[in-house]
1. Treating cross-link reach as a plain straight distance, find the lysines whose alpha-carbon is under 27 Å from the alpha-carbon of K661, omitting any fewer than eight places away in the same chain.
2. State whether the stretch 2-190 is rounded, prolate or oblate according to the following rule on the C-alpha gyration tensor (a ≥ b ≥ c being the square roots of its eigenvalues): a/c under 1.5 gives rounded; otherwise a/b larger than b/c gives prolate, and the remaining case gives oblate.
3. So how tilted is helix 501-513 from the main axis of the chain? Cα-based, degrees 0 to 90, rounded to 10.
4. Against the longest principal axis of the chain, how steep is helix 593-606, in degrees 0 to 90 to the nearest 10, with axes from Cα atoms?
5. At a Cα cut-off below 17 Å, give the aspartates and glutamates reachable from K82, other chains included and same-chain residues fewer than 8 away excluded.
6. Kindly flag which residue pairs out of K88/K267; K34/K113; K34/K179 have an alpha-carbon separation exceeding 19 Å in this structure.
7. I need the P(r) histogram for the chain: all alpha carbon pairs, bin width 20 Å from 0 out to the longest distance, whole percents.
8. Quick one: order F90, F192 by neighbouring beta-carbon count within 10 Å, fewest to most.
Amino acid sequence: MVLALVHVIFALHLAHWYWRGETLSPVEPSESMKTLEAGEVNAGAIFFAAAILATLVFGRFFCGWGCHIIAVQDLCGWLMKKCGVRPKAFRSRLLIFIPLILAVYMFIWPTLKRVAVAPVLERWWPTVRSDLGVVEFPDRGFTNHLMTEGFWDTFGSPLMAIPFLLVCGFAAVYFLGAKGFCTYGCPYGGLFGPADLVSPGKIIVDQDRCHQCGHCTAVCTSNVRVHDEVREYGMVVDPGCMKCLDCVSVCPNVALSFGFAKPALLKGRPRNSRPHRVLDTSLGEDLALGAVFAATFFAWRGAYNQVAMLFAVGIAGCATFIAWKAWRIVRERDVRFSIWQLKRGGNLRPAGAMFLLLSLALAALTAQTGFVNFHRWRADSAYEALAIEKARVLLPGQPEISDRARAEARAALEHYRLASGWRDGGAGLVTPPASDLRAALLMLVTADVASAERLMRRVIERSGAGDELVVDLGRVMVLQGRAEEAAAMYERQLSSNPAFWSVREQWALWMLQHGDGARAIAEAESALTRLPPERFTRTAHARTRLTLSRLYGALGRGEESLAQVVEGARVRPNDPVMHENVAAVVYRVRGDVAMAAAAMARAFELDPSSTLRLLQLAQLELESGKTAEAISHFEEAARREPTGSPRREEVARVLESAGHKDAAERVRSLR
């Protein structure tokens, strides 16, 4: 009932976001990674920290009472038992450390490589930060991100829910046991387990009532030998215990209960002998299975831009068990799995032959996926190394691209071709739209404009049009001298997609350039009435207002321009772009420096990483007479720039021309 209630709460959270357009950020432990890397304090980080602290006191109860994956596994196990299938736990001495490795990778490594590894290695390895993907912690420190409009931004496609359920629910339970995914794949458990070792919250026993009947061990889905541990230690010390209390409820003598005792680390010596842990694998098999797990995980992680990390972990866990069982079929005389006799007396049974065929098919699919993933990784790495700016390849009159960049782009395109779907000439099952779009930009680098347009149209045909994609396609058409055709395409797209604010802005600017600004204004105002409610499309509403503001401004209708951009800022109060434009328009229309400075201060508050906004704020403060604040902000902006940079010298000249020679000298002397 409690685990079902967890899903009811999820549904209410989703419904709140749907109806309000903004809600509490996802209460998901993985969101903590944003807090550790970017300083974005969200509900998931607070919840995860609270859960770990509670575990230090009450033990590992969250897994048993609050985890939605536990609910999925319990449901899958219940359905299997109804069908006569009783999953058996798979026991490995080394694979059990995978959750801890994943936890370190997710929650410790990002900070460790930023503060310790990169500073030590960058003297001998200059590109260590980019090669390791180091994310620099923002200067502004921690910021409040408890509320969000993009509730689903960090979640995968809803279409992946079904395969995830099949793999991490049914398959993981079937192959690895009732809590198979928790035991061999959950990174959160990788932290809850160690925390449980120092927790006083335990399942304890009344020795006078305990008859060692074994009922407790029989019902434990966490693979804990409860009757052995309470006999030897007077409590359950295994960190895999999730405090679900199944053992407590089934005890015929009411001998077990939840209580407080010594932490497991201080459990002392057993009364008789240490409980024996039955293992299914030898040490050599464990080492080989570890290699199989790692290879499968990296082959599937991020496949086709759809397979998330935890999904890849589930696939790797199931594939590892299948590889182990296939190995046993090859080397042993009698092999059984679940209700199937795979081999008997050295003779392969039909079920065994089918198992081996399925194992080979899975191995082949994993190898093919790994090949595709490798080439996509090579292509993406080359693409990111080129640091392609759309303005350089999508707009005419940009600087010439070097021959070296063109050669690197052609090499990346070959990797993208190999990673594409089979019907597009590659080895994959399908071509991810993101790969096609990156390949299109690389084609522009190589001056193959026609092929770039073909790829963009292919993405639209297969995945549907998107606001930014339609704009990019129009710019490619303009590069080929088809500006009027691009404008006509924009107009067609707007008739069916009124929320495409970027497309509307491009089309409106086209109309303005051709002397029909009134029509552009009329269409934009009409679009505001055709857009869905603001709670669903706040960005489209606000940016359409911004387009109207620019159109009114171009036609010399200043007050109307100001009214539109102020309304846009009201619709999107946490959008720094809107407040930045409010500052620009109010300065141009009314000359109100104080109001412009206040708007720019709000824009900088929302995005303190922007040095340009900081400089604009300082300039406005200087003009409005806030000299101390302006000098402070000018110096802060200068500190963000490297020594000798043109922008730092420009700041010094601005201060000098304003009569602040001491401040100018301080800026020039910064190191």
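1. Answer for K661, where 27 Å is the Cα cut-off: K626, listed by chain and number.
2. Working: a/c = 2.10, a/b = 1.36, b/c = 1.55.
Oblate, since a/c reaches 1.5 and b/c is not below a/b.
3. Once rounded, the angle reads 20 degrees.
4. Helix 593-606 sits roughly 20 degrees off the main axis of the chain.
5. Leaving aside aspartates and glutamates fewer than 8 places away in the same chain, those within reach of K82 are D74.
6. On the way: K88/K267 29 Å; K34/K113 15 Å; K34/K179 28 Å.
Those over the limit are K88/K267; K34/K179.
7. For the chain, the binned pair fractions read 14, 40, 32, 13, 1 percent.
8. Working: F90 21, F192 30.
Ordered by Cβ neighbours within 10 Å, fewest first: F90, F192.
Rule-based calculations on the coordinates, nothing more; no lab input. These figures come from a predicted structure and were not determined experimentally. Don't worry about glycine lacking a Cβ; one is built from the backbone with ideal geometry, like all the others, and counts go over all protein chains shown.
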